[in-house]
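Notes for the one structure printed next.
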Amino acid sequence: MAGKVIIRKLSNPKEFEKLVEIQRVVWKHPDLDLTPVHQFCISSFMGGLVLGAFVDGELAGFVYSFPAIYNGKFCHHSHLLAVLPQFQGYGLGKRLKWAQRKEVLKMGLDLITWTYDPMQTRNANLNFHTLGVICRTYLPDFYGETPALRLGPGIPTDRLLVEWPIKSARVQKKAEAKKEETPDLSFLPKALEGQAAEDGTYRPGKPALRLEAPVFLVEIVRDVRSLQSSPELIAEWQSSLRQVLTHYFRRGYVIMDFLFGEKCYYLLKKLPETGSGKKK
Ligand SMILES: CC(C)(COP(=O)(O)OP(=O)(O)OC[C@H]1O[C@@H](n2cnc3c(N)ncnc32)[C@H](O)[C@@H]1OP(=O)(O)O)[C@@H](O)C(=O)NCCC(=O)NCCS
């Protein structure tokens, strides 16, 4: 993508109107499910942060977060990140998140949280592999019946709550790193693995819930959008993933990475009983 990119704070209602339009284009949600101008106005005035990415002066994407308290700790919660389709894949999403980190560090905070749908592999890759979030919290059907937020009819709106410890050495390293080569880890044990079924579909196998390994993988289907005509198959993958993640989160495992390839895997690690990874 040619063009000069500028990331800067947005703060007036005229600019916020454009964010409503970007949401409409990116998510195609009905108006009732869009974050409105007045929400951006008040929260940017009261400690929230709205950053826009401009390409040659045109607003191409934005990220929005607000002050929050999580587990008794002040943080920012990032609620929206969107880049217009014609600008996707050129690094704007990443730049918005790193700019958000910089601004939130300036506020004296060291944590940014957000939720996302764990079946979305592109977002998983961005969150874990590129930015360095961790996750130990599964939120079943978090947004309830909201149709716009479901993967298909009758499918619960499950989400992961991710934690981005923005001052940690790991995240600092990600911020500085050029592209990291991922070693081939597909030999690791798997708590969930897909299987080719006789009808030609790729379905989740039986979850392995007795793993004791310090590190293991959990497969998810690579492109959930391609299953849109089979909501029952999406539901099957989602419920297997829910079962495995809630089971191992309770046992002290944390998602530390995401391996994006022909097959896609969450990488789970057991954290030591004490230390910085422990919840308060
Ligand atoms: C998610 C979104 C904001 C990313 O913005 P973007 O400008 O397209 O993303 P970038 O080009 O900065 O890529 C950032 C990372 O996303 C992941 N990613 C992007 N495209 C990908 C693809 N085709 N396959 C796999 N991973 C991909 C990678 O981790 C990439 O980092 P890398 O380039 O170091 O590998 C954008 O795609 C979007 O608006 N999507 C729809 C709305 C949405 O899903 N919002 C986020 C909800 S959590």
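The values are calculated or read from the model by the stated rules, or taken from the named source; none is laboratory data. For clarity, every value in this text was computed on a predicted model and none was experimentally measured. Positions of Cβ are generated from backbone atoms using ideal geometry, with glycine treated the same way; all protein chains shown enter the neighbour counts.
For (1) out of contact with any His (no Cβ under 8 Å at 6 or more places or on another chain); (2) more than 16 Å from the ligand (Cβ to nearest atom); (3) assigned to a helix (DSSP H, G or I); (4) under 22 Å from I69 (Cβ atoms), each residue gets a yes or a no:
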site: W98; (1), (2), (3), (4): yes, no, yes, no
site: L105; (1), (2), (3), (4): yes, yes, yes, yes
site: L109; (1), (2), (3), (4): no, yes, no, yes
site: M119; (1), (2), (3), (4): yes, no, no, no
site: L126; (1), (2), (3), (4): yes, no, yes, no
site: H129; (1), (2), (3), (4): yes, no, yes, no
site: D141; (1), (2), (3), (4): yes, yes, no, no
site: A148; (1), (2), (3), (4): no, no, yes, no
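Which numbered condition trips up G89, out of (1) in contact with a His (Cβ under 7 Å, 6 or more places away or on another chain); (2) part of a loop (DSSP other than H, G, I, E, B)? Single failed check for G89: (1).
Say whether the condition of being closer than 18 Å to H129 by Cβ, of a type in the set (G, A, S) and surrounded by fewer than 17 Cβ atoms within 10 Å (Cβ to Cβ) is met by at least one residue in the range 48-70. So far as the range 48-70 goes, no, none of its residues is closer than 18 Å to H129 by Cβ, of a type in the set (G, A, S) and surrounded by fewer than 17 Cβ atoms within 10 Å (Cβ to Cβ).
If the condition is being β-branched (V, I, T) and either in a helix (DSSP H, G or I) or modelled with pLDDT of 95 or more (or both), then the range 162-190 contributes V162, I166, V171. Does any residue of the range 131-139 turn out to be at pLDDT 95 or above, in a helix (DSSP H, G or I) and under 21 Å from P165 (Cα atoms)? Yes; the residues of the range 131-139 include at least one that is at pLDDT 95 or above, in a helix (DSSP H, G or I) and under 21 Å from P165 (Cα atoms). Cβ-Cβ distance below 9 Å, separation of 6 or more or different chains: which pairs start in the range 99-114 with a residue that is free of Cβ contacts under 8 Å to residues at least 40 places away in the same chain and end on one that is assigned to a strand (DSSP E or B) and away from the ligand (no atom under 16 Å from the Cβ)? Filtered contacts from the range 99-114: G108/F74. Every listed requirement among (1) of a type outside the set (G, A, S); (2) within 14 Å of the ligand (Cβ to nearest atom); (3) assigned to a strand (DSSP E or B) is met by T35 save one, (3). The C-beta contact set for the range 166-177 (first residue over 16 Å from V104 (Cα atoms), second residue polar (S, T, N, Q) and surrounded by 14 or more Cβ atoms within 10 Å (Cβ to Cβ), distance under 8 angstrom, 6+ apart or interchain) comprises K174/T130.
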